[in-house]
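K.L.:
I have a structure here, written as structure tokens, and I will follow up with some questions on it.
Where a number appears in this text, it was derived from the coordinates with a stated rule and is not lab data. Fair warning: this is a prediction, and the values are worked out from it, not measured in the lab. Cβ coordinates were reconstructed from backbone atoms using ideal geometry, including for glycine residues, and neighbour counts include every protein chain displayed.
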Amino acid sequence: MFNFSTEQKVLDLNGVKIGGQPGQYPTALFGTLFYGKRYAELTDEVKAIGKEQVEGQIAMAEMTGNPAIVDLFIKNVDDVEPRLDFLLSVLPEGAPFAIDVPEAEVRIKALEFLGSRGALDRVIYNSLNLGITSEEITALKENTPGAAIVLAFNPKDFSTDGRLDMLVTGGGILDKGLLEISEDVGISNLLVDTGATPFDHNATETLRSIPVACNKWGLPVGCAIHNTVESWIWMKKYRRESDVGKQTYKYCDFGANALAIQVGASFCVYGPINNAPHVFPFAAMVDKFIAEGASDYFGVNCSEDHPRRKLQ
């Protein structure tokens, strides 16, 4: 159990609190919606599945106390309006959500659409990263999201120093660090993603960067550590060989989030949203361990909605 010497900021995103000292607030869990070939077309069937998945994640949040954030995957420009329209129709009014968009062109379109709908204050922009363009910077100034994830992925240097350098200086790739860029465009609510990398690409540094970043900036820090498990070459083979392999992969995928939480993560991007019934209890259990230790050793009081209080 540990406590950071730097004051830890707590972001209040339309009533959802993320951050603080370990054990103070429950880990926020981001489940990705509509990722994969199965969801390529937004048919009525896919909408029905998506609605069920969103409601399922909300139900798990209500049960455990861990905040549920829908992380909407949008691949193409043509997908922006229908998928965001759908999500806004099924989320509770005012609930924050993230947009998970790989391409800058698509991110710009999403910002413009959300600005037209008056929903920018609810958005967690995922993410500000090394692929940012001048056009995207302009779009962010014109349609500024309520919050953003800054991605500390640095392909030139996978070490902890290299990851954090992407945020401070741009890592030799950008002219400015992503933290300065976020300040320039007017985003005040920031979350740091330490950028999960595969095994043999300094995967451990994904986790080691979490407490370092927490202590350096006091910002909420997390990652999508499930990506490391998903890219594990041996596991890909093992999961194809038998039902036991498939189940084992799922356990490793769910359990990897515990590693991040144990070293100070305030949020986890845990992968497909349909995994919520497994991931939420797992995260809640780890949160209970941490909150109990934080109270015993450091006098940290957990929030009223914390799993330590809700799940006796």
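K.L.:
Which three numbers, in whole Å and largest first, are the semi-axes of the equivalent ellipsoid of region 121-278 derived from its Cα gyration tensor as √(5λ)?
P.N.:
30, 17, 14
K.L.:
Continuing with this model, one more query. Over region 243-312, consider all pairs of different Cα atoms and compute the Kirkwood hydrodynamic radius from their mean reciprocal separation; express it in Å, one decimal.
P.N.:
Numbers: mean 1/r = 0.0762 Å⁻¹.
Averaging 1/r across every pair of different Cα atoms and inverting gives 13.1 Å.
K.L.:
Multiply the residue separation of SER242 and ILE49 by 0.36 nm, subtract the distance between their alpha-carbon atoms, and state the gained length in nm to one decimal. Intermediate values should be presented prior to the final figure.
P.N.:
Working: separation 193, 0.36 × 193 = 69.48 nm, distance 2.70 nm.
Length difference between fully extended and current span is 66.8 nm.
K.L.:
Sequence gap at least 6, Cα distance under 8 Å: using those rules, report the relative contact order of the chain to the nearest whole percent. Walk me through the intermediate numbers first.
P.N.:
Working: 620 pairs, mean separation 77.2, N = 312.
In percent, rounded to a whole number, it is 25.
K.L.:
Also, quick follow-up: Can you pull the three principal axis extents for the Cα set of region 20-296, in Å, largest first?
P.N.:
Cα spread of region 20-296 along its principal axes, largest to smallest: 48, 47, 41 Å.
K.L.:
With every atom except the alpha carbons ignored, what do you get for Rg and Dmax of region 243-282, in angstroms?
P.N.:
10.5, 33
K.L.:
Further question: Sticking with the crude label model, points 7 Å out along Cα→Cβ, report the distance from TYR297 to TYR251 in nm, one decimal please.
P.N.:
Label-label distance for TYR297 and TYR251, simple model: 2.7 nm.
K.L.:
Additional query: At 222 nm, what helix-only mean residue ellipticity would the chain give, in deg cm²/dmol to the nearest 500, using -39500 (n - 2.57) for each DSSP H run of four or more?
P.N.:
Working: 12 runs with 147 residues, N = 312.
The per-residue figure over the chain is -14500 deg cm²/dmol.
K.L.:
Can you give the local net charge around LEU190? Use residues other than it whose beta-carbon is closer than 11 angstrom to its beta-carbon, Lys and Arg +1, Asp and Glu -1. Write down the numbers at each step before the final one.
P.N.:
On the way: positive: LYS9; negative: GLU183, ASP193.
That sum, taken over residues with Cβ under 11 Å, equals -1.
K.L.:
Of all DSSP beta bridges in region 20-296, what percent run antiparallel (nearest 5)? Write down the numbers at each step before the final one.
P.N.:
Details: 0 of 30 bridges.
In region 20-296, approximately 0 percent of DSSP beta bridges are antiparallel ones.
K.L.:
Further question: What ³J(HN,Hα) values, in whole Hz, does the Karplus curve 6.51 cos²θ - 1.76 cosθ + 1.60 give for region 44-55 when θ = phi - 60°, with x put for Gly and Pro?
P.N.:
Ordered by residue, 3J(HN,Hα) equals 4, 5, 5, 4, 5, 5, x, 4, 4, 5, 4, 5 Hz.
K.L.:
Also, I was wondering about something else. Ranked highest first by the average count of other Cβ atoms within 10 Å around their residues, in what order do 105-117, 291-303 fall?
P.N.:
105-117, 291-303
K.L.:
Which lysines does LYS250 reach when only Cα atoms under 24 Å apart count, and residues fewer than 8 places away in its own chain are ignored?
P.N.:
Counting by Cα, and skipping residues close in sequence, LYS250 has these lysines nearby: LYS37, LYS51, LYS236, LYS237, LYS288.
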